[in-house]
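The values are calculated or read from the model by the stated rules, or taken from the named source; none is laboratory data. Keep in mind it's a predicted model, so treat the numbers as computed, not measured. Neighbour counts are summed over all protein chains in view; Cβ atoms, including those assigned to glycine, are modelled from backbone coordinates with ideal geometry. To get the accessible areas, we keep the full protein, side chains included, count just its heavy atoms, and leave off ligands, DNA and RNA. Shrake-Rupley method; radii C 1.70, N 1.55, O 1.52, S 1.80 Å.
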Amino acid sequence: MSRMIVPHTTPTPTPTRTVRKAVVPAAGLGTRFLPATKATPKEMLPVVDKPAIQYVVEEAAAAGLDDVLMVTGRHKRAIEDHFDNAYELEQALAAKGDSVRLDAVRDPARLANIHHIRQGEPLGLGHAVLCARRHVGDEPFAVLLGDDLIDPRETLLSTMLDVRDRYAGSVIALMEVPREQIHLYGCAAVEPTGDEGVVRVTGLVEKPSPENAPSAYAVIGRYVLDPAVFDTLERTEPGRGGEIQLTDALQELATGGTVHGVVFDGLRYDTGDKADYLRTVVRLACDRPDLGPEFVGWLKEFVAGLEGGGAADSERLAA
Ligand code: G1P
């Protein structure tokens, strides 16, 4: 299933693994999804029938990380509630004998030990990671960004943890993107290591223009970071957009030769803006054994109708 080019992929965590903790920054305002995100955190928007952030926590747990710290902000209480017990709901479902829904309600709280802290001020992704310092301590840790969903059948995070065990330092996930899209991402200058699918990162720049991009390798939202990143972040000045950028701190570490990249070409879904979000929901719905067959049938008819010159509903209603 996986088309990752990395050898030695270990789908299950090794007992010697040194990374135990994951940090999930979730303090953003979600302005691209207003008004849906006026009173609901964007991380709680459903992707088919689970909130986006649950996929991320499931990914961390599947890679053996059983301690997850959410870095949230104001108006994010729904995230805390989602990963907590829901006593009344559980009682009601148990009384009805609805064990399927009861499991669905209980699962989020059972995935990992989940902790929450608040970022306080929206000073950027680098600052959000720095907020995790006290909780993480002097250990390597993973960072998972919620706008990138990695298909549950992929083993990207496990591979990155293996690479960290072999190379030490920090490891970032990279994906080749069309040049015209590189301005949406951090971008890495790389050189080969001799290990297929693993590169040495020699430089990083946050959201460069295509002309100034050192490569077409985009940083996607998975990182395994050495705790040295905290000291670097303490010194990192606000960069692009006036925010403290994680990319800028990693650029400093990269000049010391301690950052590696895992090149990923598997299934990744972007939920960062409305069009990408819609594509993600449709793709994942098509792939669901319980919903897919019927939904795909409907989708084919719907698309055939559009292609056959049939009007979209809005045009029909306006006629
Ligand atoms: C953040 C990072 C960027 C990275 C991206 C991946 O940007 O700053 O380096 O490429 O996530 O999704 P954001 O999308 O939050 O602006």
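For the structure I just gave you, tell me whether Gly257 is assigned to a helix (DSSP H, G or I) and in contact with a Lys or Arg (Cβ under 9 Å, 6 or more places away or on another chain).
No.
Does any residue of the stretch 164-176 turn out to be open to solvent by less than 10 Å² (accessible area, probe 1.4 Å), within 15 Å of the ligand (Cβ to nearest atom) and over 15 Å from Leu250 (Cα atoms)?
Looking for residues that are open to solvent by less than 10 Å² (accessible area, probe 1.4 Å), within 15 Å of the ligand (Cβ to nearest atom) and over 15 Å from Leu250 (Cα atoms), one finds none in the stretch 164-176, hence no.
Pairs, please: C-beta under 9 Å, at least 6 apart or cross-chain, first residue over 16 Å from Glu180 (Cβ atoms) and away from the ligand (no atom under 14 Å from the Cβ) and in the stretch 204-229, second open to solvent by 20 Å² or more (accessible area, probe 1.4 Å) and basic (Lys, Arg)?
Here the result reads Val224/Arg164; Asp226/Arg164; Pro227/Arg133, each pair linking the stretch 204-229 to a residue that is open to solvent by 20 Å² or more (accessible area, probe 1.4 Å) and basic (Lys, Arg).
When both residues are 6+ apart or on different chains and their Cβ atoms are under 8 Å apart, which pairs have a first residue that lies in the stretch 175-191 and is charged (D, E, K, R), and a second that is away from the ligand (no atom under 11 Å from the Cβ) and part of a helix (DSSP H, G or I)?
Partner pairs satisfying both residue conditions: Arg179/Pro210; Glu180/Pro210.
Let's see how each residue does on (1) within 16 Å of the ligand (Cβ to nearest atom); (2) part of a loop (DSSP other than H, G, I, E, B); (3) not polar (S, T, N, Q):
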| residue | (1), (2), (3) |
| --- | --- |
| Gln251 | yes, no, no |
| Asp276 | yes, no, yes |
| Val281 | no, no, yes |
| Gly305 | no, no, yes |
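Among the residues of the stretch 254-276, write down those that are of a type in the set (Val, Ile, Thr) and more than 23 Å from Val229 (Cβ to Cβ).
Thr271
Out of (1) within 13 Å of the ligand (Cβ to nearest atom); (2) hydrophobic (A, V, I, L, M, F, W, C); (3) within 30 Å of Arg134 (Cα to Cα); (4) open to solvent by less than 30 Å² (accessible area, probe 1.4 Å), what's the single condition that is false for Val262?
Of everything listed in (1) within 13 Å of the ligand (Cβ to nearest atom); (2) hydrophobic (A, V, I, L, M, F, W, C); (3) within 30 Å of Arg134 (Cα to Cα); (4) open to solvent by less than 30 Å² (accessible area, probe 1.4 Å), Val262 misses just condition (1).
Kindly indicate the residue of the stretch 29-48 that is assigned to a loop (DSSP other than H, G, I, E, B) and touching a residue at least 40 places away in the same chain (Cβ under 8 Å) and also least open to solvent (accessible area, probe 1.4 Å) among those meeting that condition.
This residue is Leu45.
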